[in-house]
Amino acid sequence: MFNVLEARDLAPGVRYVRIEAPKIARRRKAGQFVIIRATSDGERIPLTIADSSTEEGWIALIVQGVGKATKTLNRLEAGDAIPDVAGPLGMPSRIERFGTVVSIGGGVGTAIAYPSAVALKEAGNQVISIIGGRNSSYVLLEEEMRAVCDEVYPTTDDGSYGYHGFVTDKLTDLIEEGRHLDFVLAIGPIPMMKAVAEVTRPHGIDTVVSLNPIMVDGTGMCGGCRVAVGGETKFACVDGPEFDAHQVDFELLAMRNRAYAGFENTRRDEMDQECDRRQLLPVVPEVTA
Ligand SMILES: Cc1cc2nc3c(=O)[nH]c(=O)nc-3n(C[C@H](O)[C@H](O)[C@H](O)COP(=O)(O)OP(=O)(O)OC[C@H]3O[C@@H](n4cnc5c(N)ncnc54)[C@H](O)[C@@H]3O)c2cc1C
Ligand code: FES
């Protein structure tokens, strides 16, 4: 069992969960993830290790509640325990001294971009961060990014905070202002990562994205996370999850991720109904002797 040391809300439906896992904390590198089961009969889901402490023996996850498994995880509080946490899995991020890099996070993608931004800064890069959200509530980890990056640009789709527009609009502005960019790392929803690839492609800027296909075993055995990169089949869990953005077949990725949409919607509805029933349960007064 893995003890939950801390759990708190970061944004609506997005939770920071810190777990006691000394062996994983010792070995993990930026860009790696764990496969987790929130309950002993639950689904196995991949989550990026957002932060860790070797000295204190913990890892931190940032979880967006989108379906049954993530919403179950987001109900946990400090003092609870998680049955299975396997990792670290996947290839670490490509961390080099590139020069000027842009780290782009969309929504919960910022949680995945954050550890790589830290590592890129430590490697001696000038790090510009663009962190986007639907509105001000969904701009995550701004303070943490400001602590490690040279420039941070929050963006919102509705203009409620920071730059009014998509992360790609801000990236386009930087390029049009004549900023020399050596490397771009983009993590977020599939359409966002695809759009970033199209912005940087004509300028020949080395660009990497972190893919989010369905994963089951996380060890290259099940084939669930198959993606096409440069016309070749890759397994995101062992060959990735980060790949050259200009080589990824995003349409195939989106199509494969939609394959279980009906089943996922049913499980999510069941989960929401279960929550509603719990709220309707009568409150039984505590009986004391
Ligand atoms: C390498 C990797 C790292 C990730 N890191 C994070 C993270 O740090 N924080 C975070 O909130 N989310 C992260 N995700 C996404 C997270 O795994 C999914 O949101 C989660 O699996 C959804 O499960 P669910 O049962 O709650 O929702 P479901 O209702 O089952 O699914 C909702 C959506 O999540 C995706 N999904 C479902 N199951 C899986 C699966 N087994 N593997 C991948 N995607 C799936 C699908 O696109 C689906 O449409 C990561 C995904 C990958 C591949
Ligand atoms: S998750 Fe099974 S092969 Fe990658």
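The values are calculated or read from the model by the stated rules, or taken from the named source; none is laboratory data. Only a predicted model underlies this, so the values are computations on that prediction, with no experimental measurement involved. Methodologically, a virtual Cβ is constructed for each residue, glycine included, from the backbone with ideal geometry; neighbour enumeration extends over all protein chains shown. Ligands, DNA and RNA are excluded from the accessible area calculation, which covers all protein heavy atoms including side chains. Shrake-Rupley method; radii C 1.70, N 1.55, O 1.52, S 1.80 Å.
If contacts are Cα pairs under 8 angstrom and at least 6 residues apart, what is the relative contact order of the range 35-190 in percent?
Values: 288 pairs, mean separation 31.9, N = 156.
It comes to 20 percent, rounded to a whole number.
Could you give the distance between the Cα centres of the range 227-256 and the range 1-73, to the whole Å?
The two parts, judged by their Cα centres, are 24 Å apart.
What whole-number distance in Å separates the alpha-carbon centres of the range 147-196 and the range 81-145?
13 Å
Let me check against my output: what whole-number percent is the relative contact order of the chain, with C-alpha pairs under 8 Å and at least 6 apart?
Numbers: 611 pairs, mean separation 43.6, N = 289.
Relative contact order of the chain: 15 percent.
Relative to the Cα centre, what is the charge dipole magnitude of the chain, using +1 at the beta carbon of each Lys and Arg, -1 at the beta carbon of each Asp and Glu, and rounding to the nearest 20 debye? Walk me through the numbers before you get to the answer.
On the way: 30 positive and 41 negative charges, 128 e Å.
Rounded to the nearest 20 debye, it is 620 debye.
Just going by the charge dipole of the chain, with Lys and Arg at +1 and Asp and Glu at -1 on Cβ, which of Y138, G79, M215 is farthest out on the positive end?
Of the candidates, M215 comes out farthest on the positive side.
Please list, in chain and number order, the residues 5+ apart from I104 or on another chain whose amide H is under 5 Å from its amide H, with Hs placed from the backbone.
I130, L185, A186, I187
Quick check on the range 86-186: take the gyration tensor over C-alpha atoms, sort the square-rooted eigenvalues as a ≥ b ≥ c, and tell me if it's rounded (a/c under 1.5), prolate or oblate.
oblate
With a 1.4 Å probe and every protein chain kept in, tell me what percent of the accessible surface of the range 180-226 is carbon plus sulfur.
Carbon plus sulfur share of accessible area: 60 percent.
Mind ranking 100-111, 32-43 by how tightly packed they are, going by the mean number of other C-beta atoms within 10 angstrom, highest first? Before the final figure, lay out each step's value.
Working: 100-111: 26.9, 32-43: 18.3.
Final packing ranking: 100-111, 32-43.
Under 8 Å for C-alpha pairs, at least 6 residues apart: give me the relative contact order for the range 6-83, rounded to a whole percent. Intermediate values should be presented prior to the final figure.
On the way: 137 pairs, mean separation 27.3, N = 78.
Rounded, it is 35 percent for the range 6-83.
Shape call for the range 1-52 from the C-alpha gyration tensor, a ≥ b ≥ c root eigenvalues: rounded (a/c under 1.5), prolate (a/b greater than b/c) or oblate? Intermediate values should be presented prior to the final figure.
Details: a/c = 1.40, a/b = 1.12, b/c = 1.25.
Since a/c stays below 1.5, the shape of the range 1-52 is classed as rounded.
Give the accessible surface of the chain per residue, rounded to a whole number of Å², with probe radius 1.4 Å and ligands, DNA and RNA excluded. Kindly include the intermediate steps, with their values, before the conclusion.
Values: 14190 Å² over 289 residues.
On a per-residue basis, 49 Å².
Residues of the range 188-216 with amide nitrogen under 18 Å from the 7 Å Cα-to-Cβ point of A259?
What the label zone holds, given the 18 Å backbone N cut-off, is 190, 211-216.
Would you list which aspartates and glutamates come within 13 Å of K170, measuring only between C-alpha atoms, while excluding same-chain residues fewer than 8 positions from it?
E151, D157
Students often forget the sequence filter, so: which aspartates and glutamates lie under 17 Å Cα-Cα from K71 once same-chain residues fewer than 8 apart are removed?
Straight-distance partners of K71: E6, D9, D41, E43, D80, D84, E264, D269, E270, D272, E274, D276.
Take the Cα coordinates of the chain, assign each an equal point scatterer, and use the Debye formula without solvent to give log10 I(q)/I(0) at q = 0.07, 0.11, 0.17 Å⁻¹.
Log10 I(q)/I(0), no solvent term: -0.27, -0.65, -1.54.
Set the Förster radius R0 to 45 Å, insert the Cβ-Cβ distance between K29 and D158 as r into 1/(1 + (r/R0)^6), and round the FRET efficiency to 0.05. Numbers along the way, then the final one.
On the way: r = 36 Å, r/R0 = 0.80.
Once rounded, the FRET efficiency stands at 0.80.
Give the carbon-plus-sulfur fraction of the accessible surface of the range 54-154 in %, rounded to a whole number; probe 1.4 Å, heavy atoms of protein chains only. Don't jump to the answer; show the numbers that get you there.
Working: 1820 of 3900 Å².
Carbon-and-sulfur percentage of accessible area, whole number: 47.
Using only the Cα atoms of the range 93-132, build the gyration tensor, take square roots of its eigenvalues as a ≥ b ≥ c, and label the shape rounded, prolate or oblate: rounded if a/c is under 1.5, else prolate if a/b is larger than b/c, else oblate.
In terms of gyration-tensor shape, prolate.
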